[in-house]
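Where a number appears in this text, it was derived from the coordinates with a stated rule and is not lab data. Here the structure is a predicted model, which is why all the values come from computation and not from measurement. So basically every Cβ, Gly included, is an ideal-geometry build from the backbone, and we count neighbours across all protein chains shown.
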Amino acid sequence: MENDLKGKVAIVTGGASGIGKATAILYAEHGARVVVSDIHEQAGNDVVAQIKQKGGDAVFVKADVSQARDCEQLVNKTIEAFGSLDIAFNNAGIAGEENAISDMSIEGWDRIIAVNLSSVFYCMKYELQQMLKQGKGTIVNNSSILGSVGFANSAGYVSAKHAVVGLTKNAAIEYSRKGIRVNSIGPAFINTPLLAEAGIDDAAKKMLVQLHPIGRFGESIEVAELVVWLSSDKASFVTGSYYAIDGGYLSQ
């Protein structure tokens, strides 16, 4: 076990499952104290328990990141618990409504923009305010391969994830000279509850797997390894970047 994040404090939104859960646990294994945040309280507390069982330090903070006030409180409670904020992984997201643009509901559009895009802005707003006080910090935003290309019947998701990449680049320009690095990642299809939420059946899964030259879906821990690297001083010259982790999906 490495200790390259020892003494650091990290927030993980959407930390109760999937990529968020894997990253929260890996942050702790690398020495960070972790704030696990999610709307699912029991699952979030279970992640905290797993971290503590392995000798790590973590707390759970319930937050709906589509609400600005919850994001502000998340940062405030992090400071109350651990006294600082060094790392933030803005990961929470939903698959959302799948429909052609002309058929997509206004409610479906508004919901996915709120959860997948506005949440990243809200979280970064308050995370950056705290990091500016400290004079340092690093943020990783979870975009998607669909932050780079389109996907039929997923206009809301694609639009939000493209915007996360743009928001990340803008933040890097604004804050890199102030000691704060901001990057985004672009996972392809990963074995997470989000995949199940999208209602993908076995036939569709087989088709989607074929879109990945590596011949399989990714695993949450593989994404977590990238996030931890970007969050560490090993990536000290990396900011404003978008890292695809996609099994070759975007190479085609």
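Summary of values
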read-out	value
With Cα atoms, 0 to 90° folded angle of helix 155-175 axis to the chain main axis	30 degrees
Span from the segment 74-118 Cα centroid across to the segment 187-252 one, whole angstrom	18 Å
Degrees separating the helix 18-29 axis from the principal Cα axis of the chain, which is the longest one	20 degrees
Candidates 214, 190, 113, ranked by Gaussian network fluctuation over the chain, Cα under 10 Å, top entry	214
Reference-scaled alpha-carbon Rg (2.2 N^0.38 Å with N residues) for segment 143-252	1.14
Unit Cα scatterers, Debye sum, the chain: log10 I(q)/I(0) for q = 0.12, 0.13 Å⁻¹	-0.64, -0.76
Choice from 174, 127, 29 with maximal GNM fluctuation in the chain (Cα, 10 Å cutoff)	174
Leading residue at positive end of dipole, the chain (Cβ point charges), from 172, 191, 27	172
Check: segment 9-251 dipole with +1 on Lys, Arg Cβ and -1 on Asp, Glu Cβ, in debye	820 debye
Per-residue Cβ neighbour rank within 10 angstrom, fewest leading, 33, 177, 111, 216	177, 216, 111, 33
Chain lengthening between residue 84 and residue 42 when straightened (0.36 nm per residue, less Cα-Cα)	12.6 nm
Angle in degrees between helix 220-231 and the longest Cα principal axis of the chain, rounded to the nearest 10	50 degrees
Burial order of peptide ranges 70-77, 235-242 (average beta-carbon count within 10 Å, highest first)	70-77, 235-242
Histogram of C-alpha separations across segment 24-64, 10 Å bin width, %	37, 53, 10
Top positive-direction residue, dipole computed over the chain with Cβ charges, set 128, 68, 39	128
Ranked list, fewest to most other Cβ atoms within 10 Å of each Cβ, for 87, 101	101, 87
